[in-house]
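Computed from the coordinates by the stated procedures, all read-outs in this text should not be read as laboratory data. These numbers were taken from a predicted model, which means no experiment stands behind them. Here Cβ is always computed from backbone atoms with ideal geometry, including for glycine, and neighbour counts include all displayed protein chains.
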Amino acid sequence: MHILATAATGMELEAIKKPLQGVGGVTFAVTGIGVMPTLYALAPLLAKRRYDLALNVGLAGAYAPLPALGQVALVEHDALDCFGVEDAAGAISPFASGKMTCPHALDFPALAAYRRVSGLTVGLLTERPERVAARRALYGADVETMEGAAFFYACLRSGVRFLQLRGISNMVGVRDKAQWKTQEALQALGEATARLITNG
């Protein structure tokens, strides 16, 4: 099996490297933080080789009340914030449904125990409660990242099987890292990847 394993940062990618040791044909790539760096990094990788699975991992914030901190979520849908049309009153209507769907979320029985969630990809992290509430209401998202929609888009256009796994480190809007569960989320991410690779 040829796997492309990607993450925005080296810290996040390190969380899954041990479970993937010994698995043949794994390409590891740090894409950078945000939509544009992610697309820039993925385009040549997906054009150069045909992968059996593209995997995107990393940390994510959760919109209350679920999923819980320290858990892993499987992102089944993703949307790009502020991509659409804004009316005079300030309401944003996403183009089409506004969401992309991972058609492979149910292909891996080993991941059945993990919560399937809807993601929102943002370019601006915020502590403003009103912005957080507006995003949650508009998109119905469970988790927030800065790269997920870019990963979905690139994989869907390339026709490669893909999965996005996220360790939940914090609540959206909480920037005080003393309240985060970063290490727990990274450890859980490694365990989820090991389960995926070992059991399929």
**Request:** Rank the residues D87, D52, D81 as a footprinting-exposure proxy: fewest other Cβ atoms within 10 Å of their Cβ go first.
**Result:** D87, D52, D81
**Prompt:** Sorted from fewest to most neighbouring beta carbons within 10 Å, what does the list V132, V85 look like?
**Reply:** V85, V132
**Request:** Under 13 Å from the Cβ of R136, count the other residues' Cβ atoms, weight Lys and Arg +1, Asp and Glu -1, and hand me the total.
**Result:** -1
**Request:** Can you check how the C-alpha radius of gyration of region 3-199 compares to 2.2 N^0.38 Å, as a plain ratio?
**Result:** 0.98
**Prompt:** Within the chain, which complete DSSP H helices have Cα atoms spanning at least 18 Å along the helix axis and a mean Kyte-Doolittle hydropathy of 1.0 or higher?
**Reply:** 35-48
**Request:** Quick one: which residues, 5+ away or cross-chain, put their amide H under 5 Å from the amide H of H104? H built at 1.01 Å from N.
**Result:** F162
**Prompt:** Mind listing the phi-derived Karplus ³J(HN,Hα) values for region 52-69, rounded to whole Hz, using 6.51, -1.76 and 1.60 with θ = phi - 60°, and x for any glycine or proline?
**Reply:** 6, 7, 9, 10, 10, 10, x, 8, 8, x, 10, 7, 4, x, 10, x, 7, 4
**Message:** Test of understanding: in a Gaussian network model of the chain with alpha carbons linked when under 10 Å, which of I16, I168, I33 would top the mean-square fluctuation ranking?
**Reply:** I33
**Complete:** Dividing the helical contributions, -39500 (n - 2.57) per DSSP H run of n ≥ 4, by the residues of the chain yields a 222 nm value, nearest 500 deg cm²/dmol, of -10500 deg cm²/dmol
**Message:** Within a 10 angstrom radius of the beta carbon, how do F152, F108 rank from fewest other beta carbons to most?
**Reply:** F108, F152
**Request:** Count charges around N170 for me, please; just the other residues with Cβ under 10 Å from its Cβ, Lys/Arg as +1, Asp/Glu as -1.
**Result:** +1
